[in-house]
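Novice: Before anything else, here's the structure in question.
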Amino acid sequence: MVDNLIITEQCPDPFALVIFGASGDLTHRKLIPALWNLQQQGRLPESFILLGVARRDLNDASFRRQVLDTLQDDRNARDRAAAEVFVQRLFYVQGDYADLTTYRRLRERLDTLEPQWGTDRNRCFYCAVPPQVYPDIVQPLGQTGLSCEHSAGCGWSRIIVEKPFGHDHESAQRLNALLHVVFSEHQIYRIDHYLGKETVQNILVFRLGNSMFEPLWNRRYVDHVQITSAETAGVEHRAGYYDGSGALRDMIQNHLLQVLCTIAMEPPSTFDAYSVGIEKLKVLQAIRPISIGEVDRYAVRGQYEAGEVEGQPCQGYLEEPDVARDSRTETYAALRLTLDNWRWQGVPFLLRTGKRLKTRATTVTLQFRQPPHLIFPHASGLPASTLTLHIQPDEGISLSFNGKIPGPDLCLGTVHMDFDYAETFGGRSPEAYETLLLDCLRGDATLYGSSDWVEKSWELLMPVLEAWTAPSSRRVPRYPAGSWGPREADTLLEGEWRQWLNP
Ligand code: BG6
């Protein structure tokens, strides 16, 4: 039963959403369904349009047909009729991203459509293209004046940049510099879809919307924190990108470090982009840098070999299509991080992620310290209490602690208290892209990454990346598909009561 539901709703201004990469996978799998769902829920203004831009030879009519196909899956007839109406707001501009005339045509199209649709010249540009294309897009947006806002009759202008934001520290700096020539920081939205997940957002509500957990949230009570993002999927059709990237870049630099910051940050004074951004940056600044010489002590990588996942045989990473046969790319990465600040001094933060692991699950577990003195006989091996935030697939929170097993003897056992999102609140949680797109359209960057945060996250990981790519680096440890990763990862946990807590 849920009481006192407080909803903060603000409808975005009228807008034109311009998606670069309109014929791509991200647009059709995530962005258009997100926009459609938002509209169906009545969360969008009456006046909005979508302009798709891509190289593919399409026009308004064929783009709309494609979108109808995208939306068609398992929709009922009422939805189909609504979808027919929805696609009338969709338009298409065909062109090469590196060609200035594409942007001139885009501008002309906007100049014609905006007064017709009453979108007040508010523009949101979404870069749903491979990162090497970003510079081609950003510069002409500046040259054609499309990035300008609040001048010559323009409303606001925002740009959403997909991950990966850079390939290393230097390229992230370069990309920030390029964006800052054309856009001000308040116009730039660096997306990380993990921040749009319900349970990631709930971490702050859980911590700061209650007064009973925060007093425990520190080195006095917490022994260590584990953040796990395990996937059963392999690289699928993305080996072309993944083989040049690896688990550290793909998952840790962005998603897992964002989750870490949400767990470890100090309470901001207000819930807005500025205050939250400052506190998250302070967490990264507190992480003790790992020097190249220490990488083997604090970081472990792995690569999956053939095995079995959920009863299905799987080939090894090196046999996957488009993967170099001698690839040293890690499909598993684990880090042990230390935060040098008052709250977390001496509390290890253990991060791990991998493909083709045993189960698909993303969790954060705070393991509490053992009581200072155990008065019960035979209780020395008792597990420590834990609090686990289940981010996916089953969103919820669970607490494990010790209790007396009923009976004449004093026997202790571990009990679990579970809160399940779906069971408690029912209904469907919004897709991360719905939340994030809506936030950007409302001008709220709280769940987006700042330039400082992105650069600092890369800076912290550079020694690990350099050590792992050095020609003299050790062989990449292997793990069988369907396992919990390489055995070497156990070395990151020291002390007899610490071990990986597998979801
Ligand atoms: C993406 C990574 O950012 O996140 C993928 O590029 C990964 O490799 C995906 O599979 C995981 O996202 P989720 O939401 O399924 O946990």
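The values are calculated or read from the model by the stated rules, or taken from the named source; none is laboratory data. Please read all numbers here as calculations on a predicted model, not as lab measurements. When we count neighbours, we look across all protein chains shown, and the Cβ atoms used for this are built from the backbone with ideal geometry, even at glycine. All accessible areas refer to the heavy atoms of the entire protein, side chains included, with ligands and DNA or RNA removed. Shrake-Rupley method; radii C 1.70, N 1.55, O 1.52, S 1.80 Å.
Novice: Counting Lys +1, Arg +1, Asp -1, Glu -1, what net charge surrounds Ser457 among other residues with beta carbon under 14 Å of its beta carbon?
Specialist: Net charge around Ser457: -1.
Novice: What whole-number value in Å² describes the accessible area per residue of region 169-300 for a 1.4 Å probe? Could the numbers behind the result be given before it?
Specialist: On the way: 5210 Å² over 132 residues.
Here the residues of region 169-300 average 39 Å² of exposed surface.
Novice: Give the cross-link partners of Lys280 among the lysines, using a straight C-alpha distance below 20 Å as the criterion and excluding same-chain residues fewer than 8 apart.
Specialist: Lys163, Lys197, Lys456
Novice: Return one whole number: the accessible area per residue of region 33-127 in Å², for a 1.4 Å probe. Write down the numbers at each step before the final one.
Specialist: Numbers: 4550 Å² over 95 residues.
Using a 1.4 Å probe on heavy atoms only, each residue of region 33-127 averages 48 Å².
Novice: For region 223-228, what does the Karplus curve 6.51 cos²θ - 1.76 cosθ + 1.60, with θ = phi - 60°, yield as ³J(HN,Hα) per residue in whole Hz, taken in order and with x for Gly and Pro?
Specialist: 7, 7, 10, 10, 10, 10
Novice: Which whole-Hz couplings ³J(HN,Hα) result when phi for each residue of region 252-265 is put into the Karplus expression 6.51 cos²θ - 1.76 cosθ + 1.60, θ = phi - 60°, listed in order with x for Gly and Pro?
Specialist: 7, 4, 10, 4, 6, 5, 5, 5, 4, 4, 5, 6, 9, 5
Novice: I've got another one for you. Taking the Cα centre of region 179-308 as origin, work out the dipole magnitude from +1 charges on Lys and Arg Cβ and -1 charges on Asp and Glu Cβ, in debye rounded to 20. Can you show the working numbers first?
Specialist: Numbers: 12 positive and 16 negative charges, 86 e Å.
It works out to roughly 420 debye.
Novice: Keeping all protein chains in place, calculate the accessible area per residue for region 388-450 (probe 1.4 angstrom), answer in Å². Could you put the intermediate results ahead of the total?
Specialist: Details: 3170 Å² over 63 residues.
About 50 Å² of surface per residue is accessible.
Novice: How many percent of the accessible area of the chain is carbon or sulfur, using a 1.4 Å probe?
Specialist: On the chain, the fraction of accessible area on carbon and sulfur atoms equals 51 percent.
Novice: Here is a follow-up. Given R₀ = 22 Å, what would the calculated FRET efficiency be for Trp342 paired with Ser269, taking r from the Cβ atoms and rounding to 0.05? Before the final figure, lay out each step's value.
Specialist: Values: r = 18 Å, r/R0 = 0.81.
So, using R0 = 22 Å, E works out to roughly 0.80.
Novice: Can you list residues whose amide H is under 5 Å from Val222's amide H, if they're 5+ apart or on another chain and H is modeled 1.01 Å from N?
Specialist: Under 5 Å from the amide H of Val222: Arg369.
Novice: Taking the Cβ of Arg336 as the centre, find all other residues whose Cβ is under 11 Å away and add up their charges (Lys, Arg: +1; Asp, Glu: -1).
Specialist: After counting each charged neighbour, the total is +2.
Novice: Once every DSSP H run of n ≥ 4 in the chain is given -39500 (n - 2.57) and the sum is divided by its residues, what mean residue ellipticity at 222 nm do you get, rounded to the nearest 500 deg cm²/dmol? Write out the running numbers ahead of the final one.
Specialist: Details: 14 runs with 150 residues, N = 503.
Roughly -9000 deg cm²/dmol at 222 nm, from the helical runs in the chain.
Novice: Scan around Cys314 for amide H atoms under 5 Å from its own, H built in the peptide plane at 1.01 Å from N, and keep only partners 5 or more places away or cross-chain.
Specialist: Residues meeting the criterion, in which the H sits 1.01 Å from N, are Gly307, Glu308, Val309.
Novice: Suppose a student asked you for the relative contact order of the chain, using Cα pairs under 8 Å spaced at least 6 residues apart; what percent would you report?
Specialist: On the way: 888 pairs, mean separation 89.3, N = 503.
The value is 18 percent.
Novice: Val133 to Arg220: extension gain in nm, 0.36 nm per residue of separation minus the Cα-Cα distance?
Specialist: Values: separation 87, 0.36 × 87 = 31.32 nm, distance 4.81 nm.
Fully extending the segment from Val133 to Arg220 adds 26.5 nm.
Novice: Once the Cα atoms of helix 100-117 and of the chain are each reduced to a long axis, what angle between those two axes, in degrees from 0 to 90 to the nearest 10, is obtained?
Specialist: 80 degrees
Novice: Calculate the spin-label point distance for His150 paired with Gln499, positioning each point 7 Å from the Cα along the beta-carbon direction, and give it in nanometres.
Specialist: 5.8 nm
Novice: Turning to a different aspect of this structure: How far apart, in nm, are two points set 7 Å out from the Cα along the Cα-to-Cβ line at Gln173 and at Glu308?
Specialist: Those two pseudo-labels are separated by 5.1 nm.
Novice: Here's something else I'd like to know. Which ³J(HN,Hα) values in Hz, rounded to whole numbers, follow from the phi angles of region 349-358 under the Karplus curve 6.51 cos²θ - 1.76 cosθ + 1.60, where θ = phi - 60° and Gly and Pro get x?
Specialist: 10, 10, 10, 8, 8, x, 9, 6, 8, 5
Novice: Using only Cα atoms, find the angle between the long axis of helix 169-182 and the longest principal axis of the chain, and express it within 0 to 90 degrees, rounded to the nearest 10.
Specialist: That helix lies at roughly 30 degrees to the long axis.
Novice: Pull up all non-local amide H partners of Tyr92: gap of 5 or more, or a different chain, and H-to-H distance under 5 Å with H placed in the peptide plane.
Specialist: Here the answer is Gly52, Asp60, since their amide H atoms fall under 5 Å of that of Tyr92.
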